[in-house]
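Down below is the structure, laid out as structure tokens.
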Amino acid sequence: MTVVQFDPAGFKAEQRDTWNAVSGGWEFWRDRYERAAAPVTAWLLRAAGLRPGHRVLDVGCGTGEPAISAGRLVATTGRVLGIDLAPEMVRRARMAAAGLDHPIDFVESDVESLDLPPHSMDAVLSRWGLMFAVDRHRMLSDLCRLLAPGGVLAAAVWDTPAANPMTALAFRALGAELPGPPPQRPGPFSMCDATRTREELAAAGFVEITIESVPVSMRFASVDEYLQYARDVTPPGLLRAVRQHLGGDGERAGWNRLAEAAAGYADGEGIVCLPGSALCLRARGAPDGATPGRTG
């Protein structure tokens, strides 16, 4: 059996291409998605305890949240920096923040290439971004080091696939007959084990760690509307893999499976409501600003 090796540099390049390609879809569905994500955004902002003057980093800012909401809380004396690997996401985040009376900086970067001095942030936010780090220990250690003594990390990752039809339904239906990815490959559910995530945070130097499940859901007027959303935001690489391995018939079969699965979440009026669950975590940097040495 051929063992597929994980290529970290190739994965980052693929992620950049993927998020660039779907950035237009995410912008189109922004309002719908933000309504669904509102409980998580509120949890993060509350957990971070933001106030005027705070310096805030948003990791994996996407099209602008929660950085934009954080900016309202720290303005006008604070600072918010949003980073994302995909330049198209950064461009759309800048557009979303244009004209605000609390300027926010958005830059193309990932944590591993971000050059910020230690203890330069009072809070680090991330909404469904940490799971894609290729070296999670290094990333978490770097974030802990960036925090001022006692500063707060407030982040959301996805709970298990079973708890997340909102996110997992399309991947399960479209990729049902594809070979599995390399075990080291990061993905949307790579931090869904709360016990392991707590241990990783502690190993990176964080203290006072809490993890809470926060329910979310996304509504669509019909199965067809949901399918359009899925077409707009599904990674092109997944669809290419389906075509390469299974051909056009296999791709059509995948979309049919997805339509059937989505219909199972429709009510009597045809409205589709897909549930989800986020693991929201809060942790403090070390009180004295010290963190364990980085490995890797």
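The values are calculated or read from the model by the stated rules, or taken from the named source; none is laboratory data. Everything numeric in this text was worked out from a predicted model, so none of it was measured. With ideal geometry, Cβ positions are generated from the backbone for all residues, glycine too; neighbour counts draw on all protein chains shown. Just so you know, the surface numbers come from the protein's heavy atoms only, side chains and all, with ligands and any DNA or RNA stripped out. Shrake-Rupley method; radii C 1.70, N 1.55, O 1.52, S 1.80 Å.
Considering segment 76-93, and only residues there that are β-branched (Val, Ile, Thr) and assigned to a strand (DSSP E or B), the residue that is farthest from the chain's Cα centre (by Cα) turns out to be VAL80. Taking the numbered list (1) outside any strand (DSSP E or B); (2) closer than 20 Å to THR210 by Cα in turn, VAL134 passes all entries but (2).
A Cβ distance below 9 Å, combined with a sequence gap of six or more or placement on separate chains, defines the contacts here; from segment 140-164, residues that are within 14 Å of PRO188 (Cα to Cα) reach residues that are open to solvent by 20 Å² or more (accessible area, probe 1.4 Å) and in a helix (DSSP H, G or I) in the pairs ALA156/TRP43; TRP158/THR167; ASP159/ALA194; PRO161/THR167; PRO161/PHE171; PRO161/ARG172. In a residue-by-residue description of segment 64-75, the property of being hydrophobic (A, V, I, L, M, F, W, C), surrounded by fewer than 17 Cβ atoms within 10 Å (Cβ to Cβ) and either out of contact with any Phe, Trp or Tyr (no Cβ under 9 Å at 6 or more places or on another chain) or outside any helix (DSSP H, G or I) (or both) applies to no position. For segment 19-57, the set of residues classified as under 13 Å from VAL152 (Cβ atoms) and not hydrophobic (A, V, I, L, M, F, W, C) consists of ARG46, GLY49, ARG51, HIS54, ARG55, listed by residue number.
The criterion of at least 3 residues that are touching a residue at least 60 places away in the same chain (Cβ under 8 Å), under 19 Å from ALA37 (Cα atoms) and under 22 Å from the mean Cα position of the chain (by Cα) is met by the following helices (runs of 4 or more DSSP H) wholly inside segment 187-286: 223-233. Test ALA170 against the criterion of being in contact with a Lys or Arg (Cβ under 8 Å, 6 or more places away or on another chain), closer than 24 Å to VAL40 by Cα, surrounded by 17 or more Cβ atoms within 10 Å (Cβ to Cβ) and of a type outside the set (Lys, Arg), and give yes or no. When the stated conditions are applied, ALA170 does not pass them. When GLY264 is tested against the conditions (1) surrounded by 13 or more Cβ atoms within 10 Å (Cβ to Cβ); (2) farther than 17 Å from GLY180 by Cα, the lone failure is (1).
Restricted to segment 125-156, and to residues that are in contact with a strand residue (DSSP E or B) (Cβ under 7 Å, 6 or more places away or on another chain) and closer than 19 Å to ALA86 by Cα, which residue is surrounded by the most Cβ atoms within 10 Å (Cβ to Cβ)?
Quick first cut of segment 125-156, residues in contact with a strand residue (DSSP E or B) (Cβ under 7 Å, 6 or more places away or on another chain) only: 125-131, 143, 146-148, 150-156.
Now narrow it down to the ones that are closer than 19 Å to ALA86 by Cα: 125-131.
On the way: LEU125: 30, SER126: 25, ARG127: 24, TRP128: 18, GLY129: 22, LEU130: 25, MET131: 20.
Among those residues, the one meeting the criterion is LEU125.
Of the residues making up segment 115-131, those that are closer than 26 Å to PRO182 by Cβ and either of a type in the set (Val, Ile, Thr) or in a loop (DSSP other than H, G, I, E, B) (or both) are TRP128, GLY129.
When GLU112 is tested against (1) outside any loop (DSSP other than H, G, I, E, B); (2) modelled with pLDDT of 95 or more, only condition (2) is not met.
Scanning segment 26-49 turns up one or more residues that are in contact (Cβ under 8 Å) with a residue 24 or more places away in the chain, closer than 24 Å to VAL134 by Cβ and open to solvent by 40 Å² or more (accessible area, probe 1.4 Å). Across segment 106-118, what is the total count of residues that are surrounded by 15 or more Cβ atoms within 10 Å (Cβ to Cβ) and under 22 Å from ALA48 (Cβ atoms)? Qualifying residue count for the region: 6. Only one entry in ALA9, ALA86, ALA98 is surrounded by 14 or more Cβ atoms within 10 Å (Cβ to Cβ) and not β-branched (Val, Ile, Thr), namely ALA86. Can you pull out the residues in segment 50-63 that are open to solvent by 20 Å² or more (accessible area, probe 1.4 Å) and in a strand (DSSP E or B)? Result: ARG55, single match.
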